[in-house]
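Asker: Pasting a structure below so you can have a look.
Read the figures in this text as sums done on the coordinates, not as results from a lab. Keep in mind that what you see is a predicted model, and the values were worked out from it rather than measured. Reconstructed Cβ throughout: ideal geometry from the backbone, glycine too, with neighbour counts over all protein chains shown.
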There are 2 protein chains.
Amino acid sequence: LISFGERLAARMAHTESRLVIGLDPNLERIRQIPQFARAAPPDAARDFCLEILASCGDLACAVKPQAAFFECMGAPGWQALADVIAQAKSMGIPVILDVKRGDIGSTAEAYAQHLSPSGALGADALTVNPYLGGDSLDPFLSACDRHQAGLFVLVKTSNPGSHDLQDLVLEDGRRVCDAVADLVNRWSDGRGPEGSWSPIGAVVGATHPGDVAHLRQRMPRSILLLPGVGAQGADPAKLRPAFGADGMGACVNSSRGILYAWEKASLPADDFAEAARQAATDLRDQLAGLV
Amino acid sequence: LISFGERLAARMAHTESRLVIGLDPNLERIRQIPQFARAAPPDAARDFCLEILASCGDLACAVKPQAAFFECMGAPGWQALADVIAQAKSMGIPVILDVKRGDIGSTAEAYAQHLSPSGALGADALTVNPYLGGDSLDPFLSACDRHQAGLFVLVKTSNPGSHDLQDLVLEDGRRVCDAVADLVNRWSDGRGPEGSWSPIGAVVGATHPGDVAHLRQRMPRSILLLPGVGAQGADPAKLRPAFGADGMGACVNSSRGILYAWEKASLPADDFAEAARQAATDLRDQLAGLV
């Protein structure tokens, strides 16, 4: 049984890709594509994501569906999310479900069912929010152990407002995000041998290159998931310190920069799949050139 | 147009109740009730919650459905959640949807649609997680302004692990949860006149009575939502400091202690609705006696 961390690292090596494609179906933008202009919203979101998977899936070490964009459409949206996850899994692409959940006791157990192969979604990994502390993550950690699944804990997020809490300085000199990183290490301990990639990864915004380098050192066994490239303006060229000497240990998410690449390339919306593939290829190659 | 804070305070006065009934449908336990023993899981969850609303709704100043227990059943579960919310609203009971969401930019906007009357759910208020900072809450705050809706920001949660991050001491002497409380005040500023209840409330665990008193002072315009009574063991008698001189300003959640009251009362599962009403009455009266 291979842990999620080792499985993701193997996929990164096999595909020679450190690119995670974020699936954030924004209806207003999808509606510009003639074939989706009149579809029901959940159908448009699902079919758009399936076309992106078909066009770009082989370029990605993982995909990251964003639950909010499905959830806002109610039950049919939730079904569309399940369909998209099932298709990605059938293509052998690891699925990091971006839900940023965090809750306690029996509630966290209910959320952790998203990691169960017999659950409604069956994701390979979840993003989780650490604000409620260690015991709030215990049910998620147990689910990881049972299902060889993974977590990406929010450590330092890509938005400017991440400064408000995550950068507050503690009396011992650490910042709040450093304290979270130290908890991530604690959760990694005992999950796989020394030197292996832990199933417990961390979200660190690519918009803060200094923090990327620092937090890479601070969580040596965690794969970093780096959002913020593309629409949020982070420069991939500055991300070399995210990767270890072996070129592993980090993957870079792009969502809007790939999904809606036709807009930036001034191409007809009909060409969305080709434009997405070109943008994904460019970013994958740029990341491969770093390591 | 009346703000959510003032609306909830008016309902508390009108019903003479500071009790929030949490709707956490746990299938294993519901299955003990003969009428739900063989129903499909989402139907059992929905119908159980509808019976609780019918039995106890008039005793509650608000109800708090917990999204996780519906979401874990996939699309049909999400539909059951929508049905439960619609029924509570048709009974005039404010709905605090417990989702603990928190995300950035367009993703937060998608989650904030849960507060839109034209959205899939149409909740009156949401619980939100502050870890991502101020800009992550902006779309939720805008939705509150547009729809006279409310938020309850996680400040100090009821679980023991809340100590891990929320109690860390900053170099300026505040704890992390104090810093969040100060942000809550900032978000309340300008939302309603001085002396009115803000639409931006705060979650403070009833399991920490000292923190309840302290945080009550620190967020003078925020209604506190206090979980932890019942299954988590907090003593309602210690909660007097949560309420202002006028007896307003706080409401106390109980979920399992009411929903599954028949178990503790050693009654047949068939009597779940009456047992729930008795438990809800007892807690409502105990809280009314405090103020």
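Asker: Less than 9 Å Cβ to Cβ from A:W78, Lys/Arg counted +1 and Asp/Glu -1: what total charge do the surrounding residues give? Kindly include the intermediate steps, with their values, before the conclusion.
Answerer: Working: positive: none; negative: A:E71, B:E71.
Neighbourhood net charge equals -2.
Asker: Oh, and also: Run the helix sum for the protein assembly as shown: -39,500 (n - 2.57) per DSSP H stretch of 4+ residues, divided by residue count, reported at 222 nm to the nearest 500 deg cm²/dmol. All intermediate terms of the calculation are to be shown ahead of the outcome.
Answerer: Values: 26 runs with 258 residues, N = 582.
About -13000 deg cm²/dmol.
Asker: Distances from B:Q217 to the same position in the other copies: list them in nm, one decimal, shortest first, using label points 7 Å from Cα along Cα→Cβ.
Answerer: Output for B:Q217: 4.1 nm, nearest copy listed first.
Asker: Sorting check: for B:221-232, B:193-204, B:85-96, which peptide has the highest mean count of neighbouring beta carbons within 10 Å, and how do the rest follow?
Answerer: Working: B:221-232: 24.4, B:193-204: 22.2, B:85-96: 18.7.
Result, highest mean first: B:221-232, B:193-204, B:85-96.
Asker: Can you sort B:L290, B:L19 from fewest to most other Cβ atoms within 10 Å of each residue's own Cβ? Let's see the in-between values first.
Answerer: Values: B:L290 17, B:L19 29.
Ascending Cβ contact count within 10 Å gives the list B:L290, B:L19.
Asker: So for segment B:77-129, averaging the separation of alpha carbon pairs under 8 Å that are six or more residues apart and normalising by length, what relative contact order in percent results?
Answerer: Numbers: 59 pairs, mean separation 21.4, N = 53.
Normalised by residue count, the contact order of segment B:77-129 is 40 percent.
Asker: Now a separate question. What does the protein assembly as shown give for Rg and for Dmax, in Å, if only its C-alpha atoms count?
Answerer: Just the Cα atoms of the protein assembly as shown yield Rg and Dmax of 23.3, 69 Å.
Asker: Could you list B:R191, B:R186, A:R46, B:R174 in order of exposure, starting from the residue whose Cβ has the fewest other Cβ atoms within 10 Å? Before the final figure, lay out the partial values.
Answerer: Details: B:R191 19, B:R186 12, A:R46 24, B:R174 16.
The most exposed by this proxy come first: B:R186, B:R174, B:R191, A:R46.
Asker: Continuing with this model, one more query. Over the whole of B:104-117, what's the average partner chain Cβ count within 10 Å per residue? Rounded to a whole number, please.
Answerer: Numbers: counts 11, 6, 8, 11, 2, 4, 13, 6, 2, 5, 4, 0, 1, 0.
Going residue by residue through B:104-117 and averaging, the value is 5.
Asker: Right, here's the next one. Run the label-point distances for B:D43 please: 7 Å along Cα to Cβ, every other copy, nanometres, shortest first.
Answerer: When each copy's label point is compared with this one, the spacings are 2.7 nm.
Asker: Under 8 Å for C-alpha pairs, at least 6 residues apart: give me the relative contact order for chain A, rounded to a whole percent.
Answerer: On the way: 572 pairs, mean separation 60.0, N = 291.
Once divided by the residue count of chain A, the mean separation gives 21 percent.
Asker: Per residue of segment B:214-226, what does 6.51 cos²θ - 1.76 cosθ + 1.60 with θ = phi - 60° give for ³J(HN,Hα)? Whole Hz please, x for Gly and Pro, Karplus curve as stated.
Answerer: For segment B:214-226, the Karplus-derived couplings read 5, 6, 4, 5, 6, 10, x, 9, 9, 6, 8, 9, 10 Hz, x marking Gly and Pro.
Asker: Let me ask another. Taking the square root of 5 times each eigenvalue of the Cα gyration tensor, what semi-axes in Å does the equivalent ellipsoid of segment B:99-163 have, largest first? Walk me through the intermediate numbers first.
Answerer: Values: eigenvalues 90, 34, 18 Å².
Gyration-tensor ellipsoid for segment B:99-163: 21, 13, 10 Å.
Asker: What translational diffusion coefficient, in µm²/s and rounded to a whole number, does the Stokes-Einstein relation yield for segment B:118-229 at 10 °C and a viscosity of 1.306 mPa s, taking the hydrodynamic radius as the Kirkwood radius over Cα pairs? Before the final figure, lay out the partial values.
Answerer: Values: Rh = 14.4 Å.
In µm²/s, the coefficient is 110.
Asker: Lys and Arg at +1, Asp and Glu at -1: add these up for the other residues within a Cβ distance under 12 Å of B:G134 and post the number. Each step should come with its number before you reach the end.
Answerer: Numbers: positive: B:R186; negative: A:D164, B:D135, B:D138, B:D182.
Around B:G134, the surrounding residues sum to -3.
Asker: Another question about this same structure. Counting partner chain Cβ atoms within 10 Å of every residue's Cβ in A:163-176, what's the average?
Answerer: Numbers: counts 3, 12, 11, 3, 1, 8, 3, 6, 6, 3, 1, 1, 1, 6.
Taking all residues of A:163-176 together, the mean is 5.
Asker: Roughly how compact is segment B:169-291, stated as its Cα Rg over 2.2 N^0.38 Å to two decimals? The partial results should precede the final answer.
Answerer: Numbers: Rg = 16.7 Å, N = 123, 2.2 N^0.38 = 13.7 Å.
Ratio of Rg to 2.2 N^0.38 Å for segment B:169-291: 1.22.
Asker: Pull up the DSSP beta bridges for the protein assembly as shown and report the antiparallel fraction as a percent, rounded to 5.
Answerer: Working: 3 of 57 bridges.
Roughly 5 percent of the DSSP beta bridges within the protein assembly as shown come out antiparallel.
Asker: Here's something else I'd like to know. For segment A:15-82 and segment A:156-225, compute the distance between their C-alpha centroids and round to whole Å.
Answerer: 29
Asker: A:D167 label points, 7 Å along Cα→Cβ, one per copy: pairwise distances from this copy to the rest in nm, shortest first?
Answerer: Taking the point 7 Å beyond Cα along Cα→Cβ, the inter-copy spacings are 2.9 nm.
Asker: Rounded to two decimals, what ratio of Rg to Rh does segment A:1-80 give with C-alpha atoms and a Kirkwood Rh?
Answerer: Values: Rg = 14.7 Å, Rh = 13.8 Å.
My calculation puts Rg/Rh at 1.07.
Asker: Right, something else. Can you give the mean number of other chain Cβ atoms that lie within 10 Å of the Cβ atoms in peptide B:132-141?
Answerer: 5
Asker: Arranged by the count of other C-beta atoms within 10 angstrom, fewest first, what order do A:S55, A:S266 take?
Answerer: Numbers: A:S55 19, A:S266 7.
The order, fewest Cβ neighbours first, is A:S266, A:S55.
Asker: Would you work out if segment A:1-155 is rounded, prolate or oblate? Take a ≥ b ≥ c from the square roots of the eigenvalues of the alpha-carbon gyration tensor; rounded if a/c is under 1.5, else prolate when a/b is larger than b/c, oblate otherwise.
Answerer: Details: a/c = 2.15, a/b = 1.35, b/c = 1.59.
Because a/c hits 1.5 or more and a/b fails to exceed b/c, segment A:1-155 counts as oblate.
Asker: Still on this model: Output the Cα-based Rg and Dmax of chain B in Å, rounding Rg to one decimal and Dmax to a whole number.
Answerer: 18.1, 57
Asker: Tally Lys/Arg at +1 and Asp/Glu at -1 over every other residue whose Cβ is under 13 Å from the Cβ of A:G161; what's the total? Could the numbers behind the result be given before it?
Answerer: Working: positive: A:K156, B:R186; negative: A:D164, A:D167, B:D103, B:D135, B:D138.
Spelling it out: positives minus negatives among the neighbours equals -3.
Asker: Next up: What size of dipole, in debye to the nearest 20, comes out for chain B about its Cα centre when the only charges are +1 on Lys and Arg C-beta atoms and -1 on Asp and Glu C-beta atoms?
Answerer: 240
Asker: Still on this structure, I have one more. Out of A:V155, A:P25, A:G257, whose Cα points farthest toward the positive end of the dipole of the protein assembly as shown (charges: +1 Lys, Arg; -1 Asp, Glu; placed on Cβ)?
Answerer: Farthest along the dipole direction, towards plus: A:V155.
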